[in-house]
Every structure is written in C-alpha cells, then in structure tokens.
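Here the structure comes first, spelled out in structure tokens, and everything after it is commentary.
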Amino acid sequence: PFFSIWAKIRLEWLICNMFLMEEDIAFAVEALKKGDIILYPTDTVWGIGCDATNASAVSKVYALKQRADTKAMIVLVPEEQWILNYVAEPEPKVADYIKGITKPTTVIYESAKNLAPNLIAADGTIAIRICKANFAQQLMKAFGKPIVSTSANISGYPTPLIFSDISLDIIEGVDYTVRYRQEDTTIQQPSSIVKWDAEGNLVMIRK
C-alpha cells in the first residue's frame, strides 16, 4: 500500500509538472513573439533569453545585464540542422565532435547569418549550443526560432547556479519568469566553449 500511495503521488506530481511546463511554454512563446525577455531553465544554468533574431530584444538583455554589447552572447538551438540556418559555412568537424560529447558544449562558429546584428561578434562569429534540455527544446520548437541564453546575473557578478540564487534585479527586470524547475536545487555549471582555428584544430575556450 505504501508503494502504491507513493506511486500515485509521483504520478500526480509528474502530471502537474507536465501541465505547468506546457503553460509556461505558451506564456514564454507569447513573450518572445512580442520582443520581450524571459528567465528560463536551460541545460546548464538558468538563462535570460529572447528572440535571437530580434535586435531590439537583444538590446534589452544587454541593458538588464548592464553588459557592453561588444560582448557576444550564446544562442541556443534545439537540433543540429538548425545551425545551417544561422551559420554560412559550419566547420565539418563540429558535427562529429558534438556527437561524441555528453557535457553541454557551446561552439563558436564563423560567418553568422540571419541573427540580430548586435548578437554577432565584430569578427562575424557566433556562439551556438544545441540545447538538449526538454523544456528549452520544446520552447524553441514552439517558437520556431533560436533563443539567446546568457547567465541570469548582472555583468561582473557570480553566475547563479540555481533559481533561488538569482537576484531580484534580474527577476523583476524580465518580462516573464518560467515557473517550471524553480524548485530544482541540482547544481548546474556553465557549458564548455570550443572553436576551431584556421588550421582546423580544436581550441578549448572554457572547459
């Protein structure tokens, strides 16, 4: 009887979370379409996000973080094939590398395209990560565009590793805060960052 009660409680919890996630996705998509900024869980730490093709929305993120717009931010996509829409000539070795790793890894690509100009670095590069977290993947597929992901902190301050560490300045500064996974206290870390040099060699920017 104890186990059946526990199973019932867990099932109810899972159903509740499923509906909460679906509702959060609907509200977040609505916000993104309006050019608003959101606070949401990713495959690493919580992120401040917006439509990665909307320069005005990207400017709002820079302003909230008090960060110079010369410092490029990460873009999330849900699947590898999306990268072709936003990178002119992706390095062929990247696909094989990504398939062989499990840790969230951001890749710096040359020749970015179809993204907000103020999101692209001065040298034309863009940092993109295939995000495998269920919520973020479903959000991007529902929205139909890549989403900016930058840590939920004022520039220069420590990166919050769980939701409860995020400052009120950030929470009050976004237009929509996702409720899904706010209670999750699993410590997450920022992604690794890699790139390929002109000779085709892998360069580790952040482990």
### Query
Within the chain, what is the longest stretch that has no GluC sites (Glu not before Pro) placed in a DSSP loop and near at most 13 other beta-carbon atoms within 10 Å?
80-182
### Query
What fraction, in whole percent, of alpha-carbon pairs in the range 168-207 exceed 17 Å separation?
62
### Query
Can you give the % of DSSP beta bridges in the range 17-165 that are antiparallel, to the nearest 5?
75
## Note on the structure
So the carbon and sulfur contribution to the accessible area of the range 79-128, 1.4 Å probe, in percent, is 53
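Considering all alpha-carbon pairs of the range 69-154, what whole percent are spaced by more than 23 angstrom?
19
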#### Entry: D (Stokes-Einstein, µm²/s), Kirkwood Cα radius, the chain, 0.890 mPa s at 25 °C
138
### Query
Restricting attention to the range 25-104, which trypsin sites (Lys or Arg not before Pro) occupy a DSSP loop and are surrounded by at most 14 other Cβ atoms within 10 Å?
K34, K71
### Query
Extension gain T159-T70, at 0.36 nm per residue separation less the Cα-Cα distance, in nm?
30.1 nm
### Query
Which net charge results for the neighbourhood of I98, defined as the other residues with beta-carbon distances under 15 angstrom from its beta-carbon, given Lys and Arg at +1 and Asp and Glu at -1?
+1
### Query
Quick one: Debye curve from the C-alpha atoms of the range 124-207, no solvent, what's log10 I(q)/I(0) at q = 0.12, 0.14 Å⁻¹?
-0.49, -0.66
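Averaged per residue, what accessible area in Å² does the chain show with a 1.4 Å probe, protein chains only?
Counting only protein heavy atoms, the per-residue value for the chain is 53 Å².
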### Message
Given a Förster distance of 30 Å, report the FRET efficiency between A142 and A198 from their Cβ-Cβ distance, rounded to the nearest 0.05.
### Response
0.20
### Query
Which residues does a label at A88 reach in the range 107-129, if reach means a backbone N under 13 Å from a point 7 Å past the Cα toward the Cβ?
110-115, 123-126
### Message
Within the range 57-79, list the residues whose amide N lies under 20 Å from a label point set 7 Å along Cα→Cβ of A122.
### Response
59, 62-63, 66-74
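The values are calculated or read from the model by the stated rules, or taken from the named source; none is laboratory data. What you see is a predicted model, and the numbers here were worked out from it, not measured in a lab. Backbone-built Cβ (ideal geometry, glycine too); neighbour counts: all protein chains shown. The area values use the complete protein model at the heavy-atom level, side chains included, leaving out ligands, DNA and RNA. Shrake-Rupley method; radii C 1.70, N 1.55, O 1.52, S 1.80 Å.
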